[in-house]
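The values are calculated or read from the model by the stated rules, or taken from the named source; none is laboratory data. Just so it is clear, the structure is predicted and the values come from calculations on it, not from any experiment. Every residue, glycine as well, gets a Cβ built from its backbone with ideal geometry; the counts of neighbours run over all protein chains shown. Surface areas here come from the heavy atoms of the whole protein model, side chains and all, with no ligands, DNA or RNA. Shrake-Rupley method; radii C 1.70, N 1.55, O 1.52, S 1.80 Å.
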Amino acid sequence: MKLATLNDGTRDGKLVVVSKDLTRCCAADNIAPTMQAALDNWDEIAPKLEVLAIDVEHEAVPCERFHEREAHSPLPRAYQWADGSAYINHVELVRKARNAEVPDSFYQDPLMYQGGSDTFLAPRDDIPLGDPAWGCDMEGEVAVITDDVPMGVSADEAAGNIKLVMLVNDVSLRGLIPGELAKGFGFFQSKPSSAFSPVAVTPDELGEAWKDNLIHLPLMVDYNGQPFGRAQVGVDATFNMAQLVAHAAKTRNLGAGAIIGSGTISNKGPDGGPGKPVAEGGLGYSCIAEIRMIETIYDGQAKTGFMKAGDTVRIEMRDSDNHSIFGAIEQEVVAV
């Protein structure tokens, strides 16, 4: 099942069921007015949405054209947005670039920060940038949305709490991160509003590509119209999405509609070392910081600049038949 939230002028938008090919949608407000309302009563609401999804596929109900540009974030705001770091290769590169070791605990205990969830950027919204010195970066990720998750849930149990999957551009301001981390209190200004894919899908919609609580497909990141990243989401993950959900719920209950992110998708090269750019036959990168780290490791300094006004990013995932699964995040950086 594929779900989206259309921008109808209200704060939380209108829930719609979207056809598998992303061409049509049908309002679901007679079942649940918003995505959050559906998640609040998922066990009761989901079967009704599934029936509607079948009717949409068979064109048995009135539908309208689905335009990704009219979509909000699946959840325009959420009670919880916590982003992990499932791909330790990314962390290893960050540390190696500054000659620092990765603590052993990072391989058993996920990193996670709590982001701002009161506002998200829509999938086609511009990325506002107040100062180029802030070092604007994209981060291509996967995220899951849960129902109510009890405190202390195991990873196996948490797998059943994953109700929807979507893509993320976790916008980061790299120039602000060092100063904030030096305070010992974590990210805040360096993590502005993130953007999510136009469509969120139930795990079963991914078929065989959803295995071991990971998507086994490449994440396609294009930067200024050129292939930048094709990292395999199911490869080199130290933690899966269920483990990240369980980590988030270790000391608290998670409310329905909690969003848990994977962190930047990052693969090692075939030799176990840093990967190569797409232009050189590699899988590339899901953020600019990673290629800058590799440039620093090999050349002593970073050459690739961070995003500036006019730069664009597109994040998408396609199935084995080359069909878009979630629609695309398409954003341009604008000076504000």
Before we move on, is T304 in a loop (DSSP other than H, G, I, E, B), under 16 Å from the mean Cα position of the chain (by Cα) and closer than 18 Å to G140 by Cβ? no
Within the stretch 230-263, considering residues that are in a loop (DSSP other than H, G, I, E, B), free of Cβ contacts under 8 Å to residues at least 60 places away in the same chain and not charged (D, E, K, R), the one most open to solvent (accessible area, probe 1.4 Å): V235
Tell me whether the stretch 147-170 contains one or more residues that are part of a loop (DSSP other than H, G, I, E, B), buried (at least 21 other Cβ atoms within 10 Å of the Cβ), modelled with pLDDT of 95 or more and under 14 Å from the mean Cα position of the chain (by Cα). yes
Candidates E295, E330, filtered to the one that is assigned to a helix (DSSP H, G or I), out of contact with any Leu (no Cβ under 7 Å at 6 or more places or on another chain) and open to solvent by 10 Å² or more (accessible area, probe 1.4 Å): E295
Condition met for V199 (within 19 Å of L22 (Cα to Cα), open to solvent by less than 60 Å² (accessible area, probe 1.4 Å) and in contact with a Pro (Cβ under 8 Å, 6 or more places away or on another chain)): yes
Tell me which residues, restricted to the stretch 103-130, are more than 20 Å from G186 (Cα to Cα), open to solvent by 60 Å² or more (accessible area, probe 1.4 Å) and at pLDDT 95 or above. R124, D125, D126, P128
Residue, farthest from V165 (Cα to Cα), within the stretch 30-46, restricted to residues that are open to solvent by 60 Å² or more (accessible area, probe 1.4 Å) and more than 25 Å from the chain's Cα centre (by Cα): N30
Test for D40: is it without any contact (Cβ under 8 Å) to a residue 40 or more places away in the chain and acidic (D, E): no
Listed residues A100, A27; which is small (G, A, S), at pLDDT 95 or above and open to solvent by 10 Å² or more (accessible area, probe 1.4 Å)? A27
With the checklist (1) surrounded by 19 or more Cβ atoms within 10 Å (Cβ to Cβ); (2) assigned to a loop (DSSP other than H, G, I, E, B); (3) of a type in the set (D, E, K, R) in hand, flag the one item E141 doesn't pass. (2)
Can you pull out the residues in the stretch 178-218 that are over 17 Å from L3 (Cβ atoms), of a type in the set (S, T, N, Q) and touching a residue at least 60 places away in the same chain (Cβ under 8 Å)? S193, S194
Go over the candidates L15, L49, L75 one by one and state the one that is within 19 Å of I145 (Cα to Cα), in contact (Cβ under 8 Å) with a residue 60 or more places away in the chain and open to solvent by less than 10 Å² (accessible area, probe 1.4 Å). L75
